[in-house]
Amino acid sequence: MHADAETFLLRAVKLNPAYADAHYELGLLYEDRKQDAKAIHEYQLATKLRFDLSKAPCHPGRLYQKDGQPALAQKKFDAFEAL
């Protein structure tokens with residue numbers, strides 16, 4: 001099932017690279033697969049394209065914290081709290 005979702009979402013962002021919701025959903029999918037670097041990248045794109053995706057800054061913070069990068073995690077948590 002994830003392969004189908006990934007294919008659909010990748011096609012969506014290929015057709016419209018500014019489709020923030022698709023980037024956000026890819027982030028969720030990659031996080032679920034434990035592909036943290038890909039997840040962070042997609043969350044960052046989603047937030048850059050549409051900052052009103054208010055939960056997006058929090059997701060990379062959790063992943064950075066899990067990866068042992070507390071300074072980056074705190075930066076993302078601070079951005080989330082500032083919303």
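The values are calculated or read from the model by the stated rules, or taken from the named source; none is laboratory data. The structure presented is a predicted model; accordingly, all values stated were derived computationally and were not measured. Here the Cβ positions follow ideal geometry from the backbone for every residue, glycine too, while neighbour counts run over all protein chains shown.
Residue by residue through segment 46-81, note down the ones that are modelled with pLDDT of 80 or more and either of a type in the set (Ser, Thr, Tyr) or touching a strand residue (DSSP E or B) at 6+ places or on another chain (Cβ under 7 Å) (or both).
THR47 - this is the single residue of segment 46-81 that is modelled with pLDDT of 80 or more and either of a type in the set (Ser, Thr, Tyr) or touching a strand residue (DSSP E or B) at 6+ places or on another chain (Cβ under 7 Å) (or both).
What number of residues within segment 2-45 satisfy the criterion of being of a type in the set (Gly, Ala, Ser), surrounded by fewer than 18 Cβ atoms within 10 Å (Cβ to Cβ) and at pLDDT 95 or above?
2
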